[in-house]
Amino acid sequence: MFKYREVPNPMKNKTKRSNEVKKFLILTIILGCWITAIKAQEKDISEIKSGVHWLDSKGERINAHGGCVIFHQGIYYWYGEEKVKGLSEKEHADGGIHCYASKNLVDWHDQGLVLNLDRQDTTSDLSFDCNQDRPKVVYNSKTKEFVLFFKLYLRQKGNAVAYVGVATSDSPSGPFEYKHKFLGGNSPNGTGDFAMFKDDNGDLYHLTVRKPDKAFVIGKMREDYLLPEGLYQVGDGITKNTEAPAIFKRNGIYHMLASGSTGWAPNAARYFTSQSLLGSWKYEGNPCLGENPNNNFGPEKTYGGQSTYVVKVEGLKDAYIAFFDINKPDHPYDNLYIWLPINFINDRISITWKDSWNLDYFKKQ
Ligand code: DGJ
């Protein structure tokens, strides 16, 4: 049978070759895009972004509000209020104290609840609908204990009286054991928002707003940190109604970032400095600059946030991060975090909004 002879077609070979080249190019482009995406992701991981939700190493939302960050043996620990999804602040959204751990302040690993509420006993101080605000943890190198303090409103007792709750643990990742509560400020109504500042010699101070007169007071804690040592004194120079204090010390100067008193609503940040923790303090105005593009709030509303803590970055000179919370009292599970680098001009701080930044910022200073 006649078989049609296949004539070699030079064009066919050309097409084959050009198809191979095409395939190679497409693969190269895909590979390039993939590498770029991975790099961007890696870069993203090391970026600190404010005013957006933060995810932990498992991709879950970080749920640690009004908190603090301490450094112990190479690891940072972030403690904050767990907010129960679906509950408003009025419905007592606090669900215990949550802890996360990180080696680089960016990748956070969930350590779970380190202090639980009591879901059974309604007479317990930590009964499920108490309010546990603004947890702060301090290491006592004499007792080798981690001491956790929080502002405590008892169940069904309103907010005229606020206690300081105290819990301890021999490990930074807990569990913490609830010890007792005390009324600070030598006031029968106790105290509200607070900072615990550990000075260079290990002395611990409770800096807080006194109830009901809203004077800002400072008291030294006992050596074991578990109770105030004696009398508090009014912080000379600190404006009344100062809340949300966050304190750090640099070159012998104490810096205090704080807010006014408008409940959960944002107001303008206020900033004070002093040569001595007990005062007198000097009012230095509002250190914030710039605007949060997510809500268009600038310095007059602290980007929609309220100060919480100042994080010291270990191993870098003059590296401090101003930590604010954006409160959403109707659905606090959706609260957001703001972390911004602190700048120094001589001995005064300034804070400028940044959508995204990373710790290299401190190396370029
Ligand atoms: C203002 C405080 O700064 C917050 O932490 C919270 O306690 C609210 N007051 C409650 O109104």
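The values are calculated or read from the model by the stated rules, or taken from the named source; none is laboratory data. The model shown is predicted, which means the values in this text are computed figures rather than measured ones. Note: ideal-geometry Cβ built from the backbone for every residue, glycine included; neighbour counts use all protein chains shown.
Looking at Glu81, Glu89, can you tell me which residue is at pLDDT 95 or above, within 16 Å of the ligand (Cβ to nearest atom) and not in a loop (DSSP other than H, G, I, E, B)?
Residue meeting the stated conditions: Glu81.
Looking at the stretch 309-358 only, could you name the residues that are β-branched (Val, Ile, Thr) and part of a strand (DSSP E or B)?
Val310, Val311, Ile321, Ile326, Ile338, Ile342, Ile345, Ile349, Ile351, Thr352
Would you please name the residue that is farthest from Gly230 (Cα to Cα), looking only at residues in the stretch 183-197 that are surrounded by fewer than 18 Cβ atoms within 10 Å (Cβ to Cβ) and not polar (S, T, N, Q)?
Within the stretch 183-197, the match that is farthest from Gly230 (Cα to Cα) is Pro188.
Examine the stretch 219-228 for a residue that is over 22 Å from Leu148 (Cβ atoms) and not aromatic (Phe, Trp, Tyr), and state whether such a residue exists.
To start, the set of residues in the stretch 219-228 that are over 22 Å from Leu148 (Cβ atoms) comprises none.
No, every residue in the stretch 219-228 fails to be over 22 Å from Leu148 (Cβ atoms) and not aromatic (Phe, Trp, Tyr).
Restricting to the stretch 136-153, count the residues that are more than 16 Å from Phe71 (Cβ to Cβ) and of a type in the set (Ser, Thr, Tyr).
Looking only at that region, the number is 2.
State all residues of the stretch 304-335 that are of a type in the set (Asp, Glu), surrounded by fewer than 17 Cβ atoms within 10 Å (Cβ to Cβ) and within 14 Å of the ligand (Cβ to nearest atom); if no residue qualifies, say none.
In the first step, residues of the stretch 304-335 are kept if they are of a type in the set (Asp, Glu); the result is 314, 318, 325, 330, 334.
Cutting the leftovers down to surrounded by fewer than 17 Cβ atoms within 10 Å (Cβ to Cβ) gives us 314, 318, 330, 334.
Asp330 - this is the single residue of the stretch 304-335 that is of a type in the set (Asp, Glu), surrounded by fewer than 17 Cβ atoms within 10 Å (Cβ to Cβ) and within 14 Å of the ligand (Cβ to nearest atom).
Counting just the residues of the stretch 156-180 that are more than 16 Å from the ligand (Cβ to nearest atom) and closer than 13 Å to Asp125 by Cβ, which one comes out modelled with the lowest pLDDT?
Result: Gln156.
Go through the stretch 336-358 and count every residue that is within 16 Å of the ligand (Cβ to nearest atom) and touching a Lys or Arg at 6+ places or on another chain (Cβ under 7 Å).
0
How do the pairs read when you match residues in the stretch 70-97 that are touching a residue at least 24 places away in the same chain (Cβ under 8 Å) and at positive phi with residues anywhere that are of a type in the set (Lys, Arg) and away from the ligand (no atom under 16 Å from the Cβ), using Cβ under 7 Å and keeping only pairs 6 or more apart or on different chains?
That search, which allows pairs on different chains as well, returns Gly74/Lys103.
Got a sec? Which of Asp107, Asp94 is within 16 Å of the ligand (Cβ to nearest atom) and at pLDDT 95 or above?
Asp94
Which one of the conditions (1) more than 18 Å from the chain's Cα centre (by Cα); (2) away from the ligand (no atom under 16 Å from the Cβ); (3) closer than 30 Å to Leu55 by Cβ; (4) in a loop (DSSP other than H, G, I, E, B) does Tyr361 fail to meet, given that it meets all the rest?
That leaves (4) as the condition not met.
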